[in-house]
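**Student:** Starting off with a structure, shown below.
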Amino acid sequence: MSELKRGLVVAIDGPAGAGKSTLASSLARELDLPYINTGLMYRSVAAGALRAGIDRQDGAALAELARGLRFSVTDGDPPALRIEGGATQEALTSEEVEEVVSMVARHPEVRSVLRAEQRRLGAGGSVMEGRDIGTVVFPDADVKLFLRAEPDERVSRRQSERGSRDPALAEALEQRDLLDARTNPLMPAHDAYPLDTTGRTRGEVLQDALRLVARTLGSGEGDA
């Protein structure tokens, strides 16, 4: 049986580079909730597979690796995901992990293990971001936001994150989208609010999100 939701949950979905992490961490701080970046959980499995030489086609072995990781929430502002037994933050965001994470995440066995952990971590209240948070992990989330951005903007953000103007990044992001779509088609929940972040500042997107949270909770749609 999945963990029962006990606190306010805000689910943020969207493609890579749409601004999910930036918004989720800021929103969590504003709402005084833990921030859970589920992408890092999949990256930790991918990094572990590279380190241990596990075949990326071996779903059972990858799921066993995932079960061996320990996920918790740190003290902080905002509290955030802690991964024990995993790779460093630098390794998780490396190009090597970027190249294989979609292949690792496509296995149902891996997704089942990590989704259960995500539900456990976030059920007491959280801002959680990923690709299927509002549809699968927390279909009962109080607020669901679906972020979009134009492809050029998504590439530009990834280049800024890496401190590089690598022209190959656009192709890499397109390939990532294709692989992710095979794993988990990117579809917003029927009750998600769309937010287009193209050409908008972090502050503007955050204020929009806060207004949507306030509107939803004020209307009595939330249960926390």
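**Student:** Take the alpha-carbon centre of region 190-208, take the same for region 104-156, and report the distance between them in whole Å.
**Tutor:** So the two Cα centres are separated by 17 Å.
**Student:** Pulled fully out, how much extra length does the chain show between Asp196 and Asp77, if you take 0.36 nm times their separation in residues and subtract their Cα-Cα distance? Don't skip to the end; give the middle numbers.
**Tutor:** Values: separation 119, 0.36 × 119 = 42.84 nm, distance 2.62 nm.
Contour length minus the Cα-Cα distance gives 40.2 nm.
**Student:** How do 15-23, 100-108 rank on mean C-beta neighbours within 10 Å, highest first?
**Tutor:** Working: 15-23: 22.1, 100-108: 20.1.
Highest mean packing first, the order is 15-23, 100-108.
**Student:** In addition: What is the gain in length, in nm to one decimal, between Leu4 and Arg211 on full extension, counting 0.36 nm per residue of separation less the C-alpha to C-alpha distance? Before the final figure, lay out the partial values.
**Tutor:** Details: separation 207, 0.36 × 207 = 74.52 nm, distance 2.64 nm.
Full-extension gain reported as 71.9 nm.
**Student:** With each label point set 7 Å from Cα along the Cα-Cβ vector, what nm distance links Thr88 and Asp32?
**Tutor:** 3.6 nm
No value in this document is a laboratory result; all are computed from the given coordinates. Predicted, not measured: the structure shown is a model, and the values here were computed from it. Don't worry about glycine lacking a Cβ; one is built from the backbone with ideal geometry, like all the others, and counts go over all protein chains shown.
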